[in-house]
1. Could you pull out the residue among A:LEU36, A:LEU56 that is in a loop (DSSP other than H, G, I, E, B) and surrounded by 14 or more Cβ atoms within 10 Å (Cβ to Cβ)?
2. Just give me the residues in region A:424-433 being in contact with a helix residue (DSSP H, G or I) (Cβ under 6 Å, 6 or more places away or on another chain) and either among the β-branched types (Val, Ile, Thr) or within 7 Å of chain B (Cβ to nearest Cβ) (or both), in sequence order.
3. Filter region A:348-366 for residues that are in a helix (DSSP H, G or I) and not small (Gly, Ala, Ser) and give the result.
4. Which residue, of B:THR55, B:THR34, B:THR50, is buried (at least 24 other Cβ atoms within 10 Å of the Cβ) and touching a strand residue (DSSP E or B) at 6+ places or on another chain (Cβ under 8 Å)?
5. Just need a number here: residues in region A:251-284 that are under 19 Å from A:ALA32 (Cβ atoms) and not small (Gly, Ala, Ser).
6. Mind counting the residues in region B:91-115 that are free of Cβ contacts under 8 Å to residues at least 12 places away in the same chain and within 9 Å of chain A (Cβ to nearest Cβ)?
7. Being modelled with pLDDT under 90 and under 19 Å from the mean Cα position of the chain (by Cα): is that true of B:PHE42 here?
Amino acid sequence: MTINWRNIGMFGLMATLFLIVGLSQSWSLSLAILNLCIISAIMSLGVNIQWGYAGLLNVGVMGFAALGGVAGVLVSTQPVPAAWAAGGSGILMGMLCAAITIAAITWAYFKMSGGTRTLVITLVGIVGYFIARSFFDPAVDAIESTDSAATGNLGGLGLPIMLSWLVGGAFAAGAAWLVGKISLGLRSDYLAIATLGISEIIVAMMKNEDWLTRGVKNVSGLPRPVPYEVDMQKSTYFKEMAANWGFDIVEFSSIIVKLSYACLFTVVLLIVLYLSEKALNSPWGRMMRAIRDNETAAEAMGKDVKGRHLQVFILGSAVVGIAGAMLTTLDGQFTPASYQPLRFTFLIWVMVIVGGSGNNWGAILGGFVVWFFWIEAEPIGLWFMDLITSGMADDSDLRAHLLKSAAHMRLMMMGIILLLVLRFTPKGLIPEK
Amino acid sequence: MTDFLNAVVILLNFLVIPGLAYGSQLALGALGVTLIYGILRFSNFAHGETMAFGTMFTILTTWFLQSNGISLGPIPTALLAMPIGILAAILLVLGTDRLVYKFYRKQKSTLVIYLIASLGVMFLYNGLIRFIIGPDDRIFTDGSRFLITAREFKEMTGLDQGLAFKMTQGITIGVTVICVAALFWFLTKTRTGKSMRAYSDNEDLALLSGINPDRVVMIAWILTAVLATIAGTLYGLDKSFKPFTYLQILLPIFAAAIVGGLGSPIGAIAGGFVIAFSEVAVTFAYKRVIGYLVPESWAPEGLVQLLSTDYKFAVSFAILVIVLLVRPTGIFRGQTI
């Protein structure tokens, strides 16, 4: 195996950029960018599994990331006994009714046929909906009025937040199964549109179902897997260490916290990368690529195209869900309003395309490069606008407008980068082997 | 009897008229998606942003006209400004086609490549729009607000419930009827329209019979830009202009196009109204209607609302899912114009 100096050089260049930010701006900022870069890299690995391995277009990355985030809340926050007492049984009964309804509809769908089937499904659906609502509505009201300033939701399980990374992956996988079951096997743009739809609905639910996620009131103060800055600043051992290294104690503690996050995230990144590489180079990976490149031929060879697509779609979404849960862990809070399609769906796409679709290392590099410039584009854009408007009078309206709009430049920049890469180097920075 | 009429008036006022107006806006939007699908054979994710772009230029022109004291009296000035918006949108989409899509047509790229390119275009337009007009809410309606106000209606009929018919709703419905009639006349009666249908039906045969593909594609983009700007402006007049809402309206528009049958213009119109009416009907609170129809003691306590308005996207999505499960080709079997 030859050593690929070009790729090593590109990762080296990326490391140099972090060093430059660390030396010129601050180490804390550099590490903060690094942490989000790692999470972005995992998300783009997930999308790469779907797009690069199998050619599936997922336009709902935002929704799967949000499902991961909600897992963070449900796993780690403390349960609220008063809310459970007020409406827990109602919620459970409502869910039971909903489950029975769905089971009855599924049964009717497979066991009946023709006009009776349509009639039965419609009737069961309507009746089941109203029965479930009759349990849900009073329970939801009761829960939301229980101490609504502090909680107003059911709370979570009070388990360690790192468990939510797995749970988040499972949630995302479940949603992916549902979407995939419906829209795979049809034209490829139907999957794109269906994922777009489900992601909008997931985020709308998170904003409105206050009993579950507190909605737009947000959940903050999620427990951390790493120590708190204040605790560290109190310990004498730590004080001595900061003094020895010649750092300010506040900055040193923040660096240590971010570094511990970075270590945890790197472990996840390496695990996902190892598994993805193993899968890609296995017979399974070769079969996936064969299906991607020629579905008809693969089907003629006896491969279950729809089944494989469903499998790979679920796996990719699960990885995105894991990354979403990690993001919530890093933020320490869950803010449904922060899930914007441009930030979560399209930016990840730019990462995958720029990095190199079909190549895991490419997806990681893409995640790092794109996130780095997404963050640093704001100061650069501002500087650029300042430069081209420096000839204008200080009170000029155009100058003020241009300076104010500099932030929107990065959307445009990302669009242009995506189009240019897609057209001129469709293989990306690190091409598929 | 009056109770029954009052109930009907409430339904008309809050369900039928808003449904018609919203359905018209969706239908115009879905027609644009369907035209591009029929000719270029991909789902254009940048369509919502095309609508927003045309609307933005309409708004800028409206402001210019307003500051010069030009208006149409009771009718919104935006209608006068619309041709400029349409022109801007046409230039934009033709420029995009030349710089982006033309290359992939030559390459005979696969569908997903087009989709990703259209995502990139969407990103680009989005930035452009936010850069020029900003992300905030803009209201640009002027002229008189109502064709019939609730009070006039009450005096006219003597009923308890008023029927308010907003100017913007009337204009939306009127303009849509004109646009749809013109489009169908163009597609079925003119030579160019027929060549477009032929191209959409069977590309190879159309090429053999000497139809110029570049011309067909160009006209498809022009028509799309016209429809998108009109749809966007009407939507903006009826609600308000906010770049973000044009990103969200993409889902109901796609749903409308697919429900009707992607590629079928009649389907797009039917789909638009199916989606709009289901959305309004499912999120409508029936409390007052039932209150008029049943004896007082039976009147419901809750709002009798099937789904909160925050979930209107879920309605388009649910219909989309049902269509994909039961009849993936849509109501009118799509694929051709």
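1. Working: A:LEU36 fails: in a loop (DSSP other than H, G, I, E, B).
Only one candidate passes the filter, namely A:LEU56.
2. Listed by number, the list holds a single entry, A:ILE430.
3. A:ILE348, A:TRP349, A:VAL350, A:MET351, A:VAL352, A:ILE353, A:VAL354, A:ASN360, A:TRP361, A:ILE364, A:LEU365
4. B:THR55
5. Total meeting the criteria: 15.
6. Residues meeting the conditions: 5.
7. yes
So that you can scan it fast, the table gives a plain yes or no per residue for (1) among the aromatic types (Phe, Trp, Tyr); (2) at pLDDT below 85; (3) more than 25 Å from B:GLN305 (Cβ to Cβ):
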| position | (1), (2), (3) |
| --- | --- |
| A:LEU92 | no, no, no |
| A:LEU96 | no, no, no |
| A:ALA104 | no, no, no |
| A:TRP107 | yes, no, yes |
| A:LYS111 | no, yes, yes |
| A:GLY115 | no, yes, yes |
| A:LEU123 | no, no, no |
| A:ILE131 | no, no, no |
| A:PHE136 | yes, yes, no |
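The values are calculated or read from the model by the stated rules, or taken from the named source; none is laboratory data. Just so we're clear, the structure is a prediction, and the values are computed from it rather than from any experiment. Every residue, glycine among them, receives a Cβ derived from its backbone with ideal geometry; neighbour counts consider all protein chains shown.
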